[in-house]
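Working notes, beginning with the structure itself.
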Amino acid sequence: MRIGELAERTGVSTRSLRYYEQHGLLSARRSPNGYRDYSEDDVRLVSEIRALLSVGFTLEDTRPFVDCLRRGHSTGGSCSESVEVYERKLNEIDAEIRALLARRAEVAAQLSRSCPGCFVRG
């Protein structure tokens, strides 16, 4: 399939697909007329990349998942390298949550000092 069809089927712009290709996450074959040619496997790769990006993974984070799919696994998260990325991302999210809770507590304390009796939710 050509790049436009892959873009339509995956909900990703052609520009993004070219970007993924530049970073080695996609590898288009070329038809005799020079057009990029993608397979059904590429639909799965792009869908995996898109799903990971949508929950905060970086493009580089997606590489182990893509490699896992390319090695024939049914899911990109079933390889040990992908599990390591999941674990690292969860640790990052937990750290962000702790930082947000600390910021929230500080803002609530400032409100309480500035406005005794004001209701602080949460």
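Rule-based calculations on the coordinates, nothing more; no lab input. Being a predicted model, the structure only gives us computed values, none of them experimental. Quick reminder, even Gly has a Cβ in these numbers, built from the backbone with ideal geometry, and neighbours come from all protein chains shown.
Here are a few things to note about the model shown:
- As an equivalent ellipsoid, segment 3-114 spans semi-axes of 38, 17, 9 angstrom, where each value is the square root of five times an eigenvalue of the C-alpha gyration tensor, largest first.
- Segment 3-114: relative contact order as a whole-number percent, Cα under 8 Å and 6+ apart: 14 percent
- Additional length obtainable on full extension of the chain from A99 to L53, 0.36 nm per residue less Cα span: 14.3 nm
- Degrees, to the nearest 10: 40-54 long Cα axis against longest axis of the chain: 10 degrees
- Considering only L90, L53, L101, the Gaussian network model of the chain with Cα springs below 10 Å gives its largest mean-square fluctuation to L101.
- With Cα atoms, 0 to 90° folded angle of helix 80-114 axis to the chain main axis: 30 degrees
- Listed residue (T75, S112, I93) projecting farthest to the positive dipole end of the chain, Cβ model: S112
- Helix-only mean residue ellipticity at 222 nm for the chain, each DSSP H run of n ≥ 4 adding -39500 (n - 2.57), per residue, nearest 500: -20000 deg cm²/dmol
- Just checking the listed ones, E92, E106, E40: in the Gaussian network model of the chain with Cα springs under 10 Å, the one fluctuating most is E106.
- Fewest-first ordering of C118, C79, C68 by other beta carbons within 10 Å of each residue's beta carbon gives C118, C79, C68.
- Neighbour-count order for R88, R63, fewest beta carbons within 10 angstrom listed first: R88, R63
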